[in-house]
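**Q** There's a structure below that I have some questions on.
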Amino acid sequence: TNAGKMTYKVTSYPKGMKKYVSVSSKGAVTLKKGAKKGKYVITVTAKTTRNAKKATKKVTIKVK
C-alpha cells in the first residue's frame, strides 16, 4: 500500500505529569483526572512512502 505509517509520542509535559497523559497507536490522547495545568506536546510522525517524504508535526494541548 501507499499509506504511510503514523506514529504518536508524548514528547513534552509539565514536570512530574508523565503518568497523567498518554497517546494510543491510533492517536487518541488521554489526560487522566488530576493532570496539572500546563502544555502537553504530542509529536505525530508519518514515515516515508513511495509518494511522500517523512513528515513530523507537533500538537500542543494546553490545560488551563
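The values are calculated or read from the model by the stated rules, or taken from the named source; none is laboratory data. Not measured: the values here are computed from a predicted model. Positions of Cβ are generated from backbone atoms using ideal geometry, with glycine treated the same way; all protein chains shown enter the neighbour counts. When the accessible area is computed, the model is the full protein with side chains, heavy atoms only, and any ligands, DNA or RNA have been set aside. Shrake-Rupley method; radii C 1.70, N 1.55, O 1.52, S 1.80 Å.
**Q** Six or more apart or on different chains, Cβ atoms under 9 Å: show the pairs whose first residue is in region 33-48 and within 14 Å of Lys9 (Cα to Cα) and whose second is part of a strand (DSSP E or B) and open to solvent by less than 20 Å² (accessible area, probe 1.4 Å).
**A** Going by the 9 Å Cβ cut-off, the qualifying pairs are Tyr40/Val21; Ile42/Val21.
**Q** Condition first: small (Gly, Ala, Ser) and within 10 Å of the chain's Cα centre (by Cα). Now tell me which residues in region 9-26 satisfy that.
**A** Residues satisfying the conditions are Ser12, Ser22, Ser24, Ser25.
**Q** Grab the strands (runs of 3 or more DSSP E) fully contained in the chain, keeping just those with 1 or more residues being among the basic types (Lys, Arg) and either open to solvent by 50 Å² or more (accessible area, probe 1.4 Å) or at pLDDT 95 or above (or both).
**A** It comes to 6-12, 38-46, 55-63.
**Q** Additional query: Quick check: is even one residue across region 35-51 touching a Gly at 6+ places or on another chain (Cβ under 8 Å) and of a type in the set (Gly, Ala, Ser)?
**A** Yes, that holds for at least one residue.
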